[in-house]
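Written out below as structure tokens is the structure these notes cover.
The values are calculated or read from the model by the stated rules, or taken from the named source; none is laboratory data. No experiment lies behind these values; they were computed from the predicted model shown. Because the Cβ atoms are built from the backbone with ideal geometry, glycine has one as well, and the counts that use them run over all protein chains shown.
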Amino acid sequence: MKDKIFITSQGQIEAINISAWYYETSQLFWENYVILKDIAYINPKREKPVFELSEKVPYVWLPETDKWEIQEIKYRPFKEVKWRNVFKKWDILFARIEPSIFNKKYIYVDEKFDLDFAYTSTEFYIIEAKKWVNNKYIYNLLFNDETYNQFSWKTTWSTWRRRLDRNTFENIKIPLPPLEIQNQIVEKMNRALEIKKQKEKEAKELLESIDDFVLNELWIEYEEVEEKKIFGINLSELGESKRIDVNFNNPKFIIQEKQIKNWKYDLVKIWEKFQYINGFAFSSKDYQEEWTKLLTIKNITKTWVTFKNVTYLPENYLEKYNTFEIQKNDILFAMTWATIWKACIFESEEKVLLNQRCWAIRTDTENPLFLYTVLNLDFYKTEIFRNSWGWAQPNISHNEILDLEIPLPPLSIQEKISKEVKSRIEKAGILEKEAREIYESGKMEVEGIILGS
């Protein structure tokens, strides 16, 4: 647990920062530790292979990875990446940019990586353990709260995003037991991680099965259309939006829109049938330690609301800004950046206000879980990303959402679909909970071994 009151010596104060949060993260339970740069190379200097400038070489950027694994290897011309760092099998890739750093996107390059090397983005730090250290041990320690808390508040702004600078990262403190104990810890965490991955896989498959089930129940024939890389379009075909960006005008979207016109049930626009509220731009100057909860983008996940990290406003704001109060069964959406179109249902009776760049749909006549499920179909996710604007930080406005057309069957059909969807979501939730508990239990056991050694 983080201390709200603590003491920092004058010698620890750095001229660049006098924030209490900055120094709070430096308080450690470990008594014996080493500095990361003393036991590992960060972005190790390596002899890089040389190619013709036009020759394509393997490359991995953030989008080619999920939370803990490389999902895809891209190939880019050597001239574009020749100054980037090279990683190899058994290295660690540490994402240093938000939101990945806060989502703990750290990747251990294991035996599934079957290349001699690959270039990577500058948004990854490459970690290579020195000979007397198990690299997988360092990898596991990166997930430890005591490690994470040392840098979570030390990211700095750079070109729209927060990043962790190299000096701060190199100087994080890590306990270093004998190699035999390191290996023992790695073995325990490997077992816990394998069980966790299996349960998460089962949960993911359950959630992914929902789309096919809903489409089948609604008698919807929908096929993914291949995206054309090269195409032509007349100015007269731009439509009312007059948008000229390539993604928006790709012919695949015209074909998809024709598909939905043939769906069995009548289509209605969101604005015709449902209420909605936009979040308010509350000032960060008004944030407090307690009282009125404020729901922000960080509280919206793919399936539910989480208040693990809570923002509060003054007590009187609930009455003062009551038009922005969330109600039970509201469907909540994130409308910006990496979280765009994350959606969940607010199932609580709590009094909570809605922040800017969040949006809520409300219904008194239709089944809210049905509406949530339909809007999460791949087709609508594709439409939302198509209509988003902005490159570095994509956004979607409420007008684009209000104009979406959705199928609306009789209430009895909505409830039948919702019942099954709810069952699958709950089963997936149980599996995810078990996965977290197994992994956390492994981390606690490892902590005990470290403290004991």
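Within the stretch 326-355, the residues that satisfy the criterion of being touching a strand residue (DSSP E or B) at 6+ places or on another chain (Cβ under 6 Å) and among the charged types (D, E, K, R) are ASP330, LYS342. Tell me yes or no: at least one residue of the stretch 41-54 is surrounded by fewer than 20 Cβ atoms within 10 Å (Cβ to Cβ), in contact with a helix residue (DSSP H, G or I) (Cβ under 8 Å, 6 or more places away or on another chain) and within 30 Å of GLY448 (Cβ to Cβ). Checked against the condition, which is being surrounded by fewer than 20 Cβ atoms within 10 Å (Cβ to Cβ), in contact with a helix residue (DSSP H, G or I) (Cβ under 8 Å, 6 or more places away or on another chain) and within 30 Å of GLY448 (Cβ to Cβ), the stretch 41-54 yields at least one hit. Tell me yes or no: at least one residue of the stretch 340-352 is modelled with pLDDT under 90, under 23 Å from LEU411 (Cβ atoms), among the small types (Gly, Ala, Ser) and in a strand (DSSP E or B). Taking every residue of the stretch 340-352 in turn, at least one turns out to be modelled with pLDDT under 90, under 23 Å from LEU411 (Cβ atoms), among the small types (Gly, Ala, Ser) and in a strand (DSSP E or B). The number of residues in the stretch 186-224 being under 30 Å from LEU267 (Cα atoms) and not hydroxyl-bearing (Ser, Thr, Tyr) comes to 19.
Condition (residue is in a loop (DSSP other than H, G, I, E, B), β-branched (Val, Ile, Thr) and more than 30 Å from LEU176 (Cα to Cα)) applied to the stretch 263-271: is it met by at least one residue?
For the stretch 263-271, residues in a loop (DSSP other than H, G, I, E, B), β-branched (Val, Ile, Thr) and more than 30 Å from LEU176 (Cα to Cα): absent.
Within the stretch 416-431, the set of residues being among the small types (Gly, Ala, Ser), more than 15 Å from PHE213 (Cα to Cα) and in contact with a Leu (Cβ under 9 Å, 6 or more places away or on another chain) comprises ALA428 only. Annotation note: of GLU223, GLU237, GLU257, the sole residue that is within 16 Å of ILE384 (Cβ to Cβ), surrounded by fewer than 13 Cβ atoms within 10 Å (Cβ to Cβ) and modelled with pLDDT under 75 is GLU257. Cβ-Cβ contacts under 6 Å between residues 6 or more apart (or on different chains), taken from a first residue in the stretch 269-287 that is within 16 Å of LEU354 (Cα to Cα) to a second residue that is among the small types (Gly, Ala, Ser) and surrounded by 17 or more Cβ atoms within 10 Å (Cβ to Cβ), are listed as ILE277/ALA360.
Yes/no per residue for (1) out of contact with any helix residue (DSSP H, G or I) (no Cβ under 9 Å at 6 or more places or on another chain); (2) over 30 Å from PRO49 (Cα atoms); (3) assigned by TED's automatic domain parsing to the domain that holds GLN259:
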{"position": "LEU115", "(1), (2), (3)": "yes, no, no"}
{"position": "ALA118", "(1), (2), (3)": "yes, no, no"}
{"position": "THR122", "(1), (2), (3)": "yes, no, no"}
{"position": "GLU128", "(1), (2), (3)": "no, no, no"}
{"position": "THR155", "(1), (2), (3)": "no, yes, no"}
{"position": "ASN190", "(1), (2), (3)": "no, yes, no"}
{"position": "LEU193", "(1), (2), (3)": "no, yes, no"}
{"position": "ASP212", "(1), (2), (3)": "yes, yes, yes"}
